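The structure appears right after this line, and notes come after that.
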Amino acid sequence: MDDQNTKDTNEELVEKTEEIQEAPKAEEVVEASEVVEQAEPETEAEVAEEAPSADDKKVGFNDFRVGDTLRIFYKIIEGDKLRTQPYEGIVISKRGEGASKSFTVRRIGADGVGIERIFPASSPNIDSIKIMKKGVVRRAKLYYLRDKVGRAAMRIKEAKK
């Protein structure tokens, strides 16, 4: 009896594989005549609307350096509301490779208290980054700014334009 059951199941498997092989594939070939061409903008006003301005382009991880002053627009979700909060400060370190890249930004908050925040470079919550000032520094990490107090903690030579 066991031999008969295994023969039946083997035959059923063979039939199912044949049905699968004969079934039409999900991929469809699109002919060139079926492709719809997109209309190009006709006026200069339409072209200007579509082209991003210099301020709107997103700054990447390699576009800024340690010592630069950045304004990071970070998306914050509060309940069902979404808002964008700017965070402005000096980049004191960059680290990591690949998806784990991150950078640390330090600013002086209320009462002269230093606030550092670590941002993952690949975070989807970073809306945009704007470079406020380019700094000239001789170090890869600016941890010495942690010991500075007041205005001295934010003083970095600015790059000449």
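No value in this document is a laboratory result; all are computed from the given coordinates. This one's a predicted model, so the numbers in the text were calculated from it and none came from an experiment. All Cβ positions, glycine included, derive from the backbone under ideal geometry; neighbour counts span all protein chains shown.
List of remarks:
- Taken along its three principal axes, the alpha carbon spread of segment 91-150 comes to 34, 27, 19 Å, from the longest extent down to the shortest.
- At R0 = 22 Å, FRET efficiency that the Cβ-Cβ distance of Lys133 and Asp111 yields, to 0.05: 0.40
- Under 5 Å, built H, 5+ apart or other chain: amide partners of Asp127: Phe73, Tyr74, Lys75
- Segments 90-97, 130-137, 74-81 sorted - mean Cβ within 10 Å per residue, highest first: 90-97, 130-137, 74-81
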